Amino acid sequence: MVEIRGKVVLITGASSGIGEAVARLFADKGAKVILVARRKDKLATVCNQINERGGTASFMVADLAQTSALPDLIIASRKVYGRIDILVNNAGVYGPMGLIEN
């Protein structure tokens, strides 16, 4: 098993759903998590809750549909913790769902 404690984990789509759950899990295991998503209010809430529970979390607002956001995200992440050990590339968007037919 890989030791997670002390690892720096960048998690995209971390403001809700799977990304939020993964962020909480990594933080509970002792990782330093960097939360990334578009919704600042949601990110701040998740980040604060992780920190209040004794975890280490920070967040960055970014729309990863805009590839121009990527370099700034990496630079800012490295300024906070000096490195990124693990990337959880969870960000995504979905459109209206319809019936799937054969």
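Counting only helical runs of four or more DSSP H residues, what would the 222 nm mean residue ellipticity of the chain come to if each run contributes -39,500 (n - 2.57) and the total is spread over all its residues? Intermediate results must be reported in sequence, preceding the final value.
Details: 3 runs with 38 residues, N = 102.
Taking each H run of at least 4 residues, the total per residue is -11500 deg cm²/dmol.
What base-10 log of the normalised intensity I(q)/I(0) is obtained for the chain from the Debye formula, alpha carbons as equal point scatterers, at q = 0.13, 0.21 Å⁻¹?
Each listed q maps to, in turn, -0.45, -1.02.
Where the convex hull is taken over the Cα atoms of the range 5-53, what is its projected area averaged over directions, in nm²?
Details: hull surface 11.1 nm².
Averaging across all directions leaves 2.8 nm² for the Cα convex hull.
Output ³J(HN,Hα) for the range 73-90: one whole-Hz value per residue in order, computed from phi by the Karplus curve 6.51 cos²θ - 1.76 cosθ + 1.60 with θ = phi - 60°, and x for Gly and Pro.
So the J values, rounded to whole Hz, are 4, 5, 4, 5, 4, 5, 5, 6, 10, x, 6, 10, 8, 9, 10, 10, 8, 9.
Pop a pseudo-label 7 angstrom from the Cα along the beta-carbon direction at both Leu87 and Ile74 and give the gap in nm to one decimal.
0.7 nm
Laboratory data are not the source of any read-out in this text; all were calculated from the coordinates shown. On a predicted model such as this, the values are computed, not experimentally measured, just so you know. Backbone-built Cβ (ideal geometry, glycine too); neighbour counts: all protein chains shown.
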